[in-house]
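What follows is a single structure, written as structure tokens, with notes after it.
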Amino acid sequence: MSRLLAIVLSALLAAAPALGQPSAPSVHSGTKLNFAATVGTAQFARSSSYPVGRDTVYIYQYFAGKVLIAVDVYDGGRRVPSGSDNPTVISQFLEEVTTIERNLKSHGIKHFERPAVPSSCTYGSVSFRCIVMSGQIESGGRGFSKLLLTGYRDHFVKIRAEWQQSDGITVSNADQALQGFISALMR
């Protein structure tokens, strides 16, 4: 595993309980999303679940080549409206961006950059709030993270793609991996 992916996994799981948590079910009961061994061209790596208050967060991790794709499904203890442009999703998205930025900086990512305003991205028929963040890692390369969030069947669906520029991966390559993955997952 590359240094960036190790840092990213560490940072993203920093707020989660130990990896000894139970695996998440392959079909999420609330959203009916099927997290199969292969989704699009991405291969399943692992899953976990952990309680947060009355909610349970389900995490599914895949690799599409050297792009890590992680999906979190949760409701935050409330009914989540569908789509990406409602106040519930917008508020949660800003909270997620702040948490990821703080965690990545605390794990040695330097020269962190992100656009001042997130955008809207559509993959398949699903619209997401999205943002691409990047930072310099200790080994001298630049790492990238694309965060997507939407409301889907009363839940938040958060998708993160992580990659390193030194692996020859561009934002366009990551978007192609996401397009195939999300189109297959959320059909």
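The values are calculated or read from the model by the stated rules, or taken from the named source; none is laboratory data. Quick caveat, the model's predicted, so the values are computed rather than measured. Cβ atoms come from the backbone with ideal geometry, glycine included; neighbour counts cover every protein chain shown.
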**Message:** Condition check: farther than 21 Å from Asp175 by Cα and either touching a residue at least 24 places away in the same chain (Cβ under 8 Å) or part of a helix (DSSP H, G or I) (or both). Does Leu68 satisfy that?
**Reply:** no
**Prompt:** Of the residues that sit in the range 100-113 and are closer than 18 Å to Ala70 by Cβ and without any contact (Cβ under 8 Å) to a residue 60 or more places away in the chain, which one is surrounded by the most Cβ atoms within 10 Å (Cβ to Cβ)?
**Reply:** Glu101
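Results for (1) of a type outside the set (Val, Ile, Thr); (2) at positive phi; (3) over 16 Å from the mean Cα position of the chain (by Cα), shown as yes or no for each residue.
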| site | (1), (2), (3) |
| --- | --- |
| Leu68 | yes, no, no |
| Val80 | no, no, yes |
| Val97 | no, no, no |
| Tyr123 | yes, no, no |
| Val132 | no, no, no |
| Thr150 | no, no, no |
| Lys158 | yes, no, no |
**Item:** Conditions (1) surrounded by fewer than 21 Cβ atoms within 10 Å (Cβ to Cβ); (2) over 24 Å from Val117 (Cβ atoms): number failed by Tyr62
**Value:** (1)
**Item:** Number of the exception - Asp175 against (1) touching a residue at least 60 places away in the same chain (Cβ under 8 Å); (2) within 24 Å of Gln43 (Cβ to Cβ); (3) not aromatic (Phe, Trp, Tyr)
**Value:** (1)
**Prompt:** Only one of (1) more than 17 Å from Ala64 (Cα to Cα); (2) surrounded by 16 or more Cβ atoms within 10 Å (Cβ to Cβ); (3) at pLDDT 95 or above; (4) not aliphatic (A, V, I, L, M) is not met by Arg160, so which one is it?
**Reply:** (1)
**Request:** Kindly establish whether Thr31 is at pLDDT 90 or above, in a helix (DSSP H, G or I) and surrounded by fewer than 19 Cβ atoms within 10 Å (Cβ to Cβ).
**Result:** no
**Item:** Search result, residues across the range 114-131 that are surrounded by 10 or more Cβ atoms within 10 Å (Cβ to Cβ), part of a loop (DSSP other than H, G, I, E, B) and touching a residue at least 40 places away in the same chain (Cβ under 8 Å)
**Value:** Gly124
